[in-house]
């Protein structure tokens with residue numbers, strides 16, 4: 001009897017999670033990207049020194065003062081697009097170059113990202129947590145309807 005109750009509860013929880021996952025995920029990504037983006041635009045982001053060093057190493061011809069604001073606006077845009085159903089593909093397309101750039105310090109700035117082999121610094125951990133963002137975006141993509149789903153075959 002209790003096993004049947006547990007199985008029913010388990011089934012109900014899984015069905016509920018599948019139903020709310022896309023919305024909760026989009027809101028979570030909005031909060032992270034919009035919040036961190038606004039901090040950059042307002043020039044109060046704790047990530048600014050890391051961004052500045054990466055910019056100097058990777059794109060030294062760009063002005064940090066302009067770049068950090070535009071980077072913040074780009075992050076806000078990523079967050080905003082995740083909020084709207086139907087823009088998930090566009091959001092993920094924006095996310096790809098952002099993730100490529102944010103993983104840069106792991107390779108380009110090892111003295112900042114790693115205290116020793118396989119031991120990330122706090123900054124390195126901040127970067128590595130982006131794997132969870134990638135997984136969340138993949139989960140959103142997995143819930144999308146294929147573009148050709150409405151075509152008759």
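All of the numbers you see were taken from the coordinates with simple rules; none came from a lab. Fair warning: this is a prediction, and the values are worked out from it, not measured in the lab. Glycine gets a Cβ as well: all are built from the backbone with ideal geometry, and neighbour counts include every protein chain shown.
Could you grab me the full set of residues in segment 123-139 that are in contact (Cβ under 8 Å) with a residue 40 or more places away in the chain and closer than 25 Å to residue 45 by Cβ?
Start the filter on segment 123-139 by keeping residues that are in contact (Cβ under 8 Å) with a residue 40 or more places away in the chain, which leaves 123, 126, 133, 136-137, 139.
Answer for segment 123-139, where residues must be in contact (Cβ under 8 Å) with a residue 40 or more places away in the chain and closer than 25 Å to residue 45 by Cβ: 123, 126, 133, 136, 137.
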Report task. Quick one: residue 123 ticks every box in (1) more than 28 Å from residue 59 (Cα to Cα); (2) in a helix (DSSP H, G or I) except a single one, so which number is it? Result -> (1)
Query raised in the report: In this structure, is residue 43 loosely packed, with under 13 Cβ neighbours inside 10 Å and part of a loop (DSSP other than H, G, I, E, B)?
Result: yes
